[in-house]
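*Asks:* Supplied in structure tokens, the structure appears directly below.
The values are calculated or read from the model by the stated rules, or taken from the named source; none is laboratory data. As the structure is a computational prediction, the values presented were derived from the model and not from experiment. Every residue, glycine among them, receives a Cβ derived from its backbone with ideal geometry; neighbour counts consider all protein chains shown.
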Amino acid sequence: MTKPVPSGHRWLHYRSFRTWKRSMMAAILLLNAGQWAHAASETNNEYAVKAAFLFHFAQLTTWPAQMFPHPDSPVVFCTIGRDPFDGSLDNAVAGKKIQGHPVKVLHLKQMAGLQGCHLLFTGEQEMSRMSALNTALRGLPVLTVGESESFLKQGGMIDFRSEKDRLRFDVNLGPAQSSSLGFSSTLLSLARTVIQAH
């Protein structure tokens, strides 16, 4: 005879299953996004694909609880300087939620306001600001994503890379851990390269 599972345990199993299901869906979508990247670049839609990646990066990242003081506090995606997405980032997250939180997009021209970001994308044209950005963000739980060859070397956390006509990404664990961010094993398993914290 099967022993009944206490209702509290059923809830824990249900929550674990939901978390696993979200991770698996994000993994599938990330893999598909990588395969779409070549076609996207041919149609000048590279940043629509990168916008999809950013959403799934956030799904697979854990921020400290204090970053969400209220149940409806948004996950804030930011760009700095020139916005290369041209509306595709706003479209990619419109009406979506991450771990129950709505998603908001801010396009910042200056560094004021960075403290309110959960994720910051720095385009290649803005790399001259990287040193100042690192200073402004030091110790803050802000996921930094870039697209420059030197991005991780300058303290970034996730960097887009092209490989054999596919969009891939590398991860730098040191800065993420210093900023109290956690990455799921799913995200790390999909990365092209993971630089371990020293």
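*Asks:* Here is a list of conditions, (1) in contact with a Leu (Cβ under 7 Å, 6 or more places away or on another chain); (2) within 20 Å of residue 194 (Cβ to Cβ); (3) touching a residue at least 24 places away in the same chain (Cβ under 8 Å), and residue 156 meets all of them except one; can you say which number that is?
*Replies:* Checking residue 156 against (1) in contact with a Leu (Cβ under 7 Å, 6 or more places away or on another chain); (2) within 20 Å of residue 194 (Cβ to Cβ); (3) touching a residue at least 24 places away in the same chain (Cβ under 8 Å), the one that fails is (1).
*Asks:* Somewhere in the range 95-102, is a residue touching a residue at least 24 places away in the same chain (Cβ under 8 Å), of a type in the set (D, E, K, R) and within 25 Å of residue 191 (Cβ to Cβ)?
*Replies:* Yes: the range 95-102 contains one or more residues that are touching a residue at least 24 places away in the same chain (Cβ under 8 Å), of a type in the set (D, E, K, R) and within 25 Å of residue 191 (Cβ to Cβ).
*Asks:* Only one of 94, 112 is modelled with pLDDT of 95 or more and either among the small types (Gly, Ala, Ser) or loosely packed, with under 13 Cβ neighbours inside 10 Å (or both); which?
*Replies:* Details: 112 fails: modelled with pLDDT of 95 or more.
None of the other options fit; the residue is 94.
*Asks:* Sticking with this one: Looking at this structure, is residue 106 assigned to a strand (DSSP E or B) and either under 17 Å from residue 160 (Cβ atoms) or touching a helix residue (DSSP H, G or I) at 6+ places or on another chain (Cβ under 9 Å) (or both)?
*Replies:* So residue 106 passes the test.
*Asks:* Restricting to the range 156-191, count the residues that are modelled with pLDDT under 95, part of a loop (DSSP other than H, G, I, E, B) and surrounded by 13 or more Cβ atoms within 10 Å (Cβ to Cβ).
*Replies:* Counting residues in the range 156-191 that are modelled with pLDDT under 95, part of a loop (DSSP other than H, G, I, E, B) and surrounded by 13 or more Cβ atoms within 10 Å (Cβ to Cβ) gives 0.
*Asks:* From the list 102, 71, 84, pick out the single residue that is at pLDDT 95 or above and closer than 30 Å to residue 139 by Cβ.
*Replies:* One residue alone meets the criteria, 102.
*Asks:* Can you give me the number of residues within the range 115-130 that are surrounded by fewer than 22 Cβ atoms within 10 Å (Cβ to Cβ) and assigned to a loop (DSSP other than H, G, I, E, B)?
*Replies:* Residues in the range 115-130 being surrounded by fewer than 22 Cβ atoms within 10 Å (Cβ to Cβ) and assigned to a loop (DSSP other than H, G, I, E, B): 1 in total.
*Asks:* Another question, then. Would you confirm whether or not the range 74-85 contains a residue that is touching a helix residue (DSSP H, G or I) at 6+ places or on another chain (Cβ under 6 Å), within 24 Å of residue 115 (Cβ to Cβ), in contact (Cβ under 8 Å) with a residue 60 or more places away in the chain and not β-branched (Val, Ile, Thr)?
*Replies:* no
*Asks:* Search the range 180-191 for residues that are touching a residue at least 24 places away in the same chain (Cβ under 8 Å) and under 13 Å from residue 143 (Cα atoms) and pair each with any residue that is in a helix (DSSP H, G or I) and of a type in the set (Gly, Ala, Ser) when their beta-carbon atoms are under 7 Å apart and the residues are at least 6 apart or on different chains.
*Replies:* 183/176
*Asks:* For the range 152-198, which residues satisfy the criterion of being within 22 Å of residue 66 (Cβ to Cβ) and among the aromatic types (Phe, Trp, Tyr)?
*Replies:* 183
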